[in-house]
Ligand code: MOS
């Protein structure tokens with residue numbers, strides 16, 4: 001039986017629920033010392049004096065590292081011409097300057113964690129504060145344009161939006177805002193750094209082992225070959241573990257200083273400044289439509305905040321550029337600079353925030369035109385990529401609308417706000433479109449069929465909780481012709497063949513083809529061996545006449561003629577039969593626009609007096625190409641949808657702008673949905689097979705689930721209450 005597509009339980013599930021899967025802070029290393037980060041408590045200025053004398057003398061303390069005694073790191077081209085300097089987003093104790101509140105200013109290392117924590121509190125810092133940029137409105141007066149990125153243009157224009165807006169029968173001009181949000185994977189960032197001579201091993205919670213290897217080597221000024229990064233299990237990433245942050249290099253510096261392995265795990269409160277955040281956005285949407293609902297002009301202007309220390313741009317107009325066939329379109333991106341930590345990617349960066357604004361604005365236009373929101377979207381359905389004027393590799397968005405609408409019962413909706421009720425509770429039905437680009441990058445893999453008929457398959461990728469172990473075991477089993485339980489798939493180590501970052505929803509799409517090819521290469525070698533082997537019942541046949549399944553080789557025409565794969569290996573030297581492969585994108589990106597799509601329908605129930613919003617049910621339908629594992633895919637969609645629900649109704653980093661510091665830096669005050677907040681979620685993935693994108697036909701599914709959910713909730717809230725909330729999250733104070 002083919003394994004790909006089946007609802008296989010996670011191959012790493014038992015290890016995780018029994019606690020046997022080692023997460024980064026749990027690797028047991030002899031003589032490991034414990035490090036604690038000390039973070040700044042002002043947003044801008046200098047460290048005037050840092051008194052570490054008391055802390056250094058405390059029991060168990062091995063070192064206190066600050067800008068005064070930290071090893072000096074090379075500033076540029078540390079490893080010769082090949083190596084670039086480390087990214088400016090890092091704070092590596094090289095000077096006394098403070099650029100944001102929560103910046104690492106010292107590291108305390110002690111025998112035990114408690115001793116390190118205690119000593120960290122005993123450090124006295126005197127600051128020379130300077131006026132900080134902490135006023136978003138003031139920062140907006142000095143906006144700047146982000147640097148253009150090759151694959152993601154920041155400023156775009158097609159047609160004449162001014163003329164088209166002027167001609168429009170209906171126009172809307174609305175402003176949407178989304179707050180700062182912080183990633184809070186269950187497992188906070190953690191690193192164990194261990195030196196053996198000049199060789200560094202890092203056990204790091206990361207979405208990109210090879211990236212950490214290169215970046216840490218760059219920061220330390222050592223050749224990348226001297227660094228190994230190990231990360232077999234990651235307790236969630238969501239973007240914050242896509243980049244290497246300061247603590248990784250600081251752990252390595254501290255380990256060198258004390259001459260012992262050093263473990264540095266961030267505390268939950270430390271997840272709220274030095275390791276990225278989703279920037280706040282302000283998005284102005286201007287849309288003009290003809291009387292029939294045809295979009296004549298769409299203008300999407302985005303301002304997002306970034307840090308004085310380094311740029312990050314939340315590309316909110318990404319979905320706007322491909323979703324609707326408007327006659328004209330203009331998108332702009334600008335940055336407002338603040339003294340805060342550097343923002344970064346957070347699940348569907350750009351699409352999650354951008355679709356909130358776009359898909360609410362489309363809903364507003366539907367009301368202005370007195371059209372059904374689904375009908376308005378179908379009226380402007382993009383049959384091909386409206387920006388690049390090339391076909392989509394595959395697009396079933398029409399079916400997504402249809403299937404989700406039917407399962408939801410959308411036809412029974414009465415369109416005017418406040419027209420549907422359950423007793424005295426206001427009921428609202430809203431919907432939105434989801435889309436996310438199909439990304440992939442080059443990846444390598446290795447496979448070996450052992451003499452005992454089992455196989456080991458390796459790829460230096462990551463499983464950030466998405467199911468990579470499981471789906472790659474399935475892909476490998478099918479390509480090898482082995483039962484699932486005979487295949488062991490390994491990842492998370494830079495000693496393995498290199499793979500890209502587990503971000504941009506591209507892991508399965510990138511490494512799947514490489515794993516498939518490596519396994520096929522090993523299997524083909526084995527078949528070649530068999531047909532050349534006089535003792536084999538396959539002898540003399542063409543390799544193409546042989547099939548492999550369940551660990552056996554058989555003749556396609558006469559399947560009763562066969563032998564176990566292990567028997568062939570035993571007779572031919574008894575060595576593992578191996579395959580190496582590489583796979584990457586080709587010219588298809590020029591020929592096709594490649595994206596996943598979906599439609600999300602939401603019911604809300606709003607208490608008319610209290611403004612509380614409940615979401616009893618969500619129905620979503622997706623077009624993501626081949627689904628590699630029905631069970632892990634469903635988990636990805638549901639996880640994304642639940643996050644979207646939190647984004648809509650709860651999630652916000654409450655910044656105290658007097659100090660530039662998060663005021664709710666813990667999981668009690670930083671609200672995300674709990675089980676009681678989540679109603680029925682019905683998810684369908686359409687059958688599909690996008691082989692123009694890659695040979696598995698599978699696009700990524702890690703991020704599309706969150707896209708559109710906040711808009712669908714906001715649209716449902718409007719339908720229920722007649723109140724258009726354009727500022728996330730939609731808390732009850734905005735509804736009463
Ligand atoms: Mo994702 S935000 O691309 O890790």
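The values are calculated or read from the model by the stated rules, or taken from the named source; none is laboratory data. Just so we're clear, the structure is a prediction, and the values are computed from it rather than from any experiment. Cβ placement follows ideal geometry from the backbone for every residue including glycine, while neighbour counts extend to all protein chains displayed.
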Quick check, is residue 348 outside any helix (DSSP H, G or I), in contact (Cβ under 8 Å) with a residue 12 or more places away in the chain, under 17 Å from residue 599 (Cβ atoms) and within 16 Å of the ligand (Cβ to nearest atom)?
-> yes
Does at least one position in region 697-704 carry a residue that is away from the ligand (no atom under 16 Å from the Cβ), surrounded by fewer than 15 Cβ atoms within 10 Å (Cβ to Cβ) and touching a residue at least 12 places away in the same chain (Cβ under 8 Å)?
-> no
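Buried (at least 24 other Cβ atoms within 10 Å of the Cβ) and outside any strand (DSSP E or B): which single residue out of 243, 184 fits that description? Spell out the reasoning first.
Working: 184 fails: buried (at least 24 other Cβ atoms within 10 Å of the Cβ).
Testing whether each residue is buried (at least 24 other Cβ atoms within 10 Å of the Cβ) and outside any strand (DSSP E or B) leaves just 243.
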Taking first residues from region 481-503 that are closer than 13 Å to residue 213 by Cα and second residues anywhere that are within 16 Å of the ligand (Cβ to nearest atom) and part of a loop (DSSP other than H, G, I, E, B), the pairs with Cβ under 6 Å that are 6 or more apart or on different chains are 492/231; 492/462; 499/461; 500/441; 501/207; 501/208; 501/242
Criterion: more than 16 Å from the ligand (Cβ to nearest atom), surrounded by fewer than 23 Cβ atoms within 10 Å (Cβ to Cβ) and in a strand (DSSP E or B) - qualifying residue of 260, 284 | 284
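Every residue, every condition in (1) surrounded by fewer than 21 Cβ atoms within 10 Å (Cβ to Cβ); (2) out of contact with any helix residue (DSSP H, G or I) (no Cβ under 9 Å at 6 or more places or on another chain); (3) in contact (Cβ under 8 Å) with a residue 60 or more places away in the chain; (4) within 24 Å of residue 438 (Cα to Cα), yes or no:
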residue: 280; (1), (2), (3), (4): no, no, yes, no
residue: 289; (1), (2), (3), (4): no, no, yes, no
residue: 313; (1), (2), (3), (4): no, yes, yes, yes
residue: 330; (1), (2), (3), (4): no, no, yes, yes
residue: 334; (1), (2), (3), (4): yes, no, yes, no
Which of the following residues is more than 16 Å from the ligand (Cβ to nearest atom), in contact with a strand residue (DSSP E or B) (Cβ under 9 Å, 6 or more places away or on another chain) and farther than 26 Å from residue 205 by Cβ: 299, 230?
-> 299
Residues (farther than 15 Å from residue 528 by Cα and touching a residue at least 24 places away in the same chain (Cβ under 8 Å)) located in region 549-574 = 549, 550, 551, 561, 574
If we scan region 436-448, do we find a residue that is farther than 30 Å from residue 203 by Cβ and buried (at least 24 other Cβ atoms within 10 Å of the Cβ)?
-> yes
So residue 218 fits all but one of (1) within 16 Å of the ligand (Cβ to nearest atom); (2) out of contact with any strand residue (DSSP E or B) (no Cβ under 7 Å at 6 or more places or on another chain); (3) in a helix (DSSP H, G or I); what number is the exception?
-> (1)
In region 452-472, which residues are in a loop (DSSP other than H, G, I, E, B) and more than 16 Å from the ligand (Cβ to nearest atom)?
-> 452, 453, 454, 459
Surrounded by 24 or more Cβ atoms within 10 Å (Cβ to Cβ), more than 27 Å from the chain's Cα centre (by Cα) and farther than 26 Å from residue 636 by Cβ - does that describe any residue in region 499-522?
-> yes
Selection status of residue 194, away from the ligand (no atom under 16 Å from the Cβ) and either outside any helix (DSSP H, G or I) or over 20 Å from residue 72 (Cα atoms) (or both) = yes
In region 233-257, which residues are away from the ligand (no atom under 16 Å from the Cβ) and under 20 Å from residue 464 (Cα atoms)?
-> 233, 247, 248
Restricting attention to region 712-734, does a residue exist that is away from the ligand (no atom under 16 Å from the Cβ), within 24 Å of the chain's Cα centre (by Cα) and within 16 Å of residue 400 (Cβ to Cβ)?
-> yes
Taking residue 343 as meeting all but one of (1) under 24 Å from the mean Cα position of the chain (by Cα); (2) in a loop (DSSP other than H, G, I, E, B); (3) surrounded by fewer than 24 Cβ atoms within 10 Å (Cβ to Cβ), write down the number of the exception.
-> (3)
Identity of the residue in region 479-498, surrounded by fewer than 24 Cβ atoms within 10 Å (Cβ to Cβ) and not in a loop (DSSP other than H, G, I, E, B), that ends up nearest to the ligand (Cβ to nearest atom) = 498
Looking at (1) touching a strand residue (DSSP E or B) at 6+ places or on another chain (Cβ under 9 Å); (2) within 16 Å of the ligand (Cβ to nearest atom); (3) on the phi > 0 side of the Ramachandran plot, find the lone condition where residue 353 falls short.
-> (3)
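Every residue, every condition in (1) more than 13 Å from residue 478 (Cβ to Cβ); (2) modelled with pLDDT under 95; (3) assigned to a helix (DSSP H, G or I), yes or no:
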position: 516; (1), (2), (3): no, no, yes
position: 521; (1), (2), (3): yes, no, yes
position: 524; (1), (2), (3): yes, no, yes
position: 530; (1), (2), (3): yes, no, yes
position: 534; (1), (2), (3): yes, no, no
position: 540; (1), (2), (3): yes, no, no
position: 544; (1), (2), (3): yes, no, yes
position: 554; (1), (2), (3): yes, no, no
position: 559; (1), (2), (3): yes, yes, no
